[in-house]
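**Q** Can you read through this structure? Questions will come right after.
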Amino acid sequence: MKNPISRRSAVAATLGASAVAAFAAAGTASAHPESDDRSHRPESQVQHNKRVAVAFLDLAFNKKQPQEAADRYVGAQFIQHNPLSADGTGPFVAYVTWRTTLSPELKFDFKRVFGEKDLVAVHYKRTYDSADRGAAVMDIFRFENGRIVEHWDVIQDIPETSANDNTMF
């Protein structure tokens with residue numbers, strides 16, 4: 001049986017440290033590794049899609065390589081439901097380049113990854129710089145043949161005060 005810690009180290013090398021928590025949350029690490037060693041099973045399509053969604057966001061925004069992210073992870077079409085962006089990878093690359101130039105400290109801190117059939121949702125905290133309170137963001141992706149082809153997002157600014165003691169994460 002493979003050590004789950006070494007599996008996570010391999011994941012860290014592949015996806016980058018900021019994506020490890022989301023990748024683990026995506027269910028790649030078994031809750032009971034002694035009884036369910038997944039290292040010998042092929043990755044399911046849903047697990048692949050979850051891994052790709054996090055890697056795509058991490059490469060585009062945290063590593064500031066949007067063209068590489070689009071080339072590596074997006075399909076022939078990219079349908080955009082964010083009203084501030086046109087369809088296609090060109091507008092996506094232009095937006096991320098503009099945003100990361102404007103906010104060089106931009107960071108996505110991945111919290112959760114959900115997947116079902118051809119849909120994946122990534123929940124994360126987005127901050128523009130160290131002074132920014134941030135926003136809770138949910139990006140939703142639709143996949144075809146293991147590649148991203150459609151995107152929606154929901155963004156909620158983190159308020160200064162809250163009516164409860166719970167965090168948004």
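The values are calculated or read from the model by the stated rules, or taken from the named source; none is laboratory data. As the structure is a prediction and not an experimental result, all values here were calculated from the model. With ideal geometry, Cβ positions are generated from the backbone for all residues, glycine too; neighbour counts draw on all protein chains shown.
**Q** Got a number for residues in the stretch 64-97 being in a strand (DSSP E or B) and either closer than 18 Å to ARG51 by Cα or among the basic types (Lys, Arg) (or both)?
**A** Going through the stretch 64-97 one residue at a time, the tally reaches 2.
**Q** Identify all residues within the stretch 150-169 that are under 21 Å from THR127 (Cβ atoms), surrounded by 10 or more Cβ atoms within 10 Å (Cβ to Cβ) and not small (Gly, Ala, Ser); write none if there are none.
**A** HIS151, ASP153, VAL154, ILE155, GLN156, ASP157, ILE158, THR167, MET168, PHE169 - these are the residues of the stretch 150-169 that are under 21 Å from THR127 (Cβ atoms), surrounded by 10 or more Cβ atoms within 10 Å (Cβ to Cβ) and not small (Gly, Ala, Ser).
**Q** What number of residues in the stretch 76-98 are surrounded by 17 or more Cβ atoms within 10 Å (Cβ to Cβ) and out of contact with any strand residue (DSSP E or B) (no Cβ under 8 Å at 6 or more places or on another chain)?
**A** The qualifying residues number 3.
**Q** For the stretch 105-129, which positions are in contact (Cβ under 8 Å) with a residue 24 or more places away in the chain, on the phi < 0 side of the Ramachandran plot and more than 12 Å from the chain's Cα centre (by Cα)?
**A** Within the stretch 105-129, GLU105, LEU106, GLU116, ASP118, LEU119, TYR128, ASP129 meet the criteria.
**Q** Only one of ALA19, ALA25 is part of a helix (DSSP H, G or I), touching a Lys or Arg at 6+ places or on another chain (Cβ under 6 Å), at pLDDT below 85 and not β-branched (Val, Ile, Thr). Can you tell me which?
**A** Every option except ALA25 fails the conditions.
**Q** Conditions: (1) at pLDDT below 95; (2) out of contact with any Ser or Thr (no Cβ under 6 Å at 6 or more places or on another chain). ASP36 meets all but one. Number of the miss?
**A** Against the list (1) at pLDDT below 95; (2) out of contact with any Ser or Thr (no Cβ under 6 Å at 6 or more places or on another chain), ASP36 comes up short only on (2).
**Q** Ok, one more. Would you mind stating whether ILE148 is aliphatic (A, V, I, L, M) and in contact with a helix residue (DSSP H, G or I) (Cβ under 9 Å, 6 or more places away or on another chain)? Quick ask: steps written out before the conclusion?
**A** Numbers: aliphatic (A, V, I, L, M): yes; in contact with a helix residue (DSSP H, G or I) (Cβ under 9 Å, 6 or more places away or on another chain): yes.
Taking the combined requirement at face value, the residue satisfies it.
**Q** In addition: Does the stretch 129-169 hold any residues that are touching a strand residue (DSSP E or B) at 6+ places or on another chain (Cβ under 8 Å), assigned to a loop (DSSP other than H, G, I, E, B) and not basic (Lys, Arg), and which are they?
**A** GLY134, ASN145, ILE158, MET168, PHE169
**Q** Any residue at all in the stretch 133-146 that is surrounded by 12 or more Cβ atoms within 10 Å (Cβ to Cβ), modelled with pLDDT of 95 or more and over 18 Å from LEU57 (Cβ atoms)?
**A** yes
**Q** Find the residue count for the stretch 96-132, including only residues that are touching a Ser or Thr at 6+ places or on another chain (Cβ under 8 Å) and not aliphatic (A, V, I, L, M).
**A** Looking only at that region, the number is 7.
**Q** Which members of the stretch 99-128 meet the condition of being part of a strand (DSSP E or B), surrounded by fewer than 15 Cβ atoms within 10 Å (Cβ to Cβ) and polar (S, T, N, Q)?
**A** Hits for the stretch 99-128: nothing passes.
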